[in-house]
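Every read-out reported here was derived from the displayed coordinates using simple, explicitly stated rules and does not represent laboratory data. As the structure is a prediction and not an experimental result, all values here were calculated from the model. Glycine also receives a Cβ, built like all others from the backbone with ideal geometry; neighbour counts cover every protein chain displayed.
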Amino acid sequence: MTTLNTRAVHAGRDDLVELGVHAVPLDLSTTYPSRDSRTEADRLDVLCTGAQVDGPPVYARVGNPTVARFETAMAELEGCEAAVAFASGMAGLSACLLAGVSAGKPHVVAVRPLYGSSDHLIASGLLGNEVTFARPDEVAGAIRDDTGLVIVETPANPTLSETNLRRLSDACGPVPLLADNTFATPALQRPAEHGARIVLHSATKFLGGHGDVLGGVVACDEEYARKLRQLRFLTGATLHPLAGYLLLRGLSTLPLRMRAASETAAELAARLSEHPRVAKVHYPGRNEHRPEKQMTGGGPMLAVEVHGDPHAVIGAVRLFTPAVSLGSVDSLIQHPGSLSHHIMDPADRADGGISEQLLRISVGLEDVEDLWADLDQALGGSSTA
Ligand SMILES: *Cc1c(COP(=O)(O)O)cnc(C)c1O
């Protein structure tokens, strides 16, 4: 059995030699011609249920062969039966919420912190769900007869807090556990191995890896995937084929990028913890009680609580890109209270442990010394390191 590093290069491309091509074929068709409309009607009957059939997808909102390659690769890398791609991470989360609501189980139990828009979507009940926010050890007690989903991020956006997925999935019983794996990616953590039935990604981040493609993907079992495909077909939250192409290309360098950026992030976290302007460093590799055998290394994301004005630091960086989002080849820094988590109620931010002094950093592929020099000068240059 080849390793994940190798499969990241080949998954979704295993048939290319037989096809006689090297690059993945990019199919931009919106429709698929056929002279036999009776057979097409039969195939469409099956496709509308979310099941898959051989042959072309009839219409681009039903499916796309380039996107299907990305889905095949993600299912394999996450160790799941299937994966369903969406126009964005939020579209993927919306489909999971609607799956519960439409099955008569509108109640969600969610563990904070979550990405700001995810938290707000769930808390607002915009899609008809109800919610109980709970600490991991309160989840079992929060589950009701009409609970359709338990949601957690680990490491969480933006505080990098980690949750023991095995313990949490045990607490969920028969209720499906959705783990948002955007920060770790399957290169560092595979939540399905620890009991999560649903693995969500904002593919916009590390999977794409270059800040130029918006997408989402949900890895899960085939039964749940059918529900998601049905919802995607009818709500139209499809991933564009070019995005599928770019995401599949991103996967081939994912393990390398995650390893390199993690090494740099660990070093920056260590140096920042000694910096006089830094009150607290949040980094999985430095968390005291880490879930055992869950995540390889600390990952490329970190956060710091600073003394003084956090906005001044954002204004002063010259090499870091001062921007929301994460997971690109360049390093990014942003203030969650103003951007990624701004949409939340301030009280909800506080409930999630998101300080107004917090800055979130996404480490890219630059040299660690150059990044450190920029951070140090942006923090006031008073470091002795
Ligand atoms: C960005 C993000 C999302 C939302 O993804 P989009 O692709 O922006 O819709 C969801 N979860 C986490 C952890 C994220 O960082």
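Below, the figures for the structure above:
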item	result
Compactness of the chain - radius of gyration and Dmax, Cα, Å	21.1, 76
Exposed-site-free run, longest, the chain (rule: trypsin sites (Lys or Arg not before Pro); DSSP loop; at most 13 other C-beta within 10 Å)	145-292
Distance between the range 341-385 and the range 244-321 - C-alpha centres, whole angstrom	9 Å
Where Rh is the Kirkwood radius over Cα pairs, Rg/Rh for the range 254-317	1.02
Longest to shortest principal axis, alpha-carbon extents of the range 133-201, angstrom	35, 22, 17
Cα coordinate range in the range 6-56, projected on the principal axes (Å, largest first)	41, 22, 19
Debye, to nearest 20: dipole size of the chain, +1 on Lys, Arg Cβ, -1 on Asp, Glu Cβ	300 debye
Base-10 log of normalised Debye intensity for the range 254-378 (one unit scatterer per alpha-carbon) at q = 0.12, 0.20, 0.23 Å⁻¹	-0.42, -1.19, -1.49
Amide H contacts under 5 Å for residue 321, placed H, 5+ residues apart	331, 332, 333
Mean separation of Cα contacts under 8 Å (6+ apart) over length of the range 4-251, as relative contact order %	26 percent
Excluding exposed DSSP-loop GluC sites (Glu not before Pro) (at most 10 other C-beta within 10 Å), longest clean stretch of the chain	1-287
For the range 62-176: relative contact order, % (alpha-carbon pairs under 8 angstrom, 6 or more apart)	23 percent
Test item: Cα-centred dipole of the range 264-346, Lys/Arg +1 and Asp/Glu -1 on Cβ, debye	140 debye
Segment residue 166-residue 124, extension gain: residue separation times 0.36 nm, minus the distance between their alpha carbons	12.3 nm
Separation in nanometres of the label points that stand 7 Å from Cα toward Cβ, at residue 137 and residue 329	4.6 nm
Charge dipole of the range 254-378 about the Cα centre (unit charges at C-beta), most positive-ward option of 306, 261, 334	261
Net lengthening on full extension, residue 311/residue 39 (0.36 nm per residue, minus Cα-Cα)	91.8 nm
Estimated distance in nm for a label pair at residue 102 and residue 365, the labels positioned 7 Å out from Cα along Cα-to-Cβ	3.9 nm
Rounded tilt (10° steps) of 241-272 against the dominant C-alpha axis of the chain	20 degrees
Spin-label pair residue 81/residue 222, simplified geometry with 7 Å Cα→Cβ offset, distance in nm	0.6 nm
Extension gain (nm, one decimal) between residue 347 and residue 10, 0.36 nm per residue minus Cα-Cα	116.7 nm
Cα-centred dipole magnitude for the range 35-76, charges only on beta-carbon of K, R (+1) and D, E (-1), debye, nearest 20	160 debye
Computed over the range 254-378: relative contact order in percent, which uses C-alpha pairs under 8 Å that are six or more apart	29 percent
Around residue 59: net Lys/Arg minus Asp/Glu count, Cβ-Cβ under 14 Å	+1
Prolate/oblate/rounded call for the range 33-97, Cα gyration tensor, a/c under 1.5 rounded	prolate
Sorted largest first, extent of the range 160-302 alpha carbons per principal axis (Å)	54, 39, 24
Nearest-ten-degree value, helix 37-47 long axis tilted from longest Cα axis of the chain	40 degrees
Signed unit charges on C-beta, dipole axis of the chain, positive-most listed residue 47, 132, 194	47
Crossing angle, helix 65-78 versus the chain [Cα axis fit, 0-90 degrees, rounded to tens]	50 degrees
FRET efficiency estimate (nearest 0.05) - Cβ-Cβ, residue 59 to residue 144, R0 35 angstrom	0.35
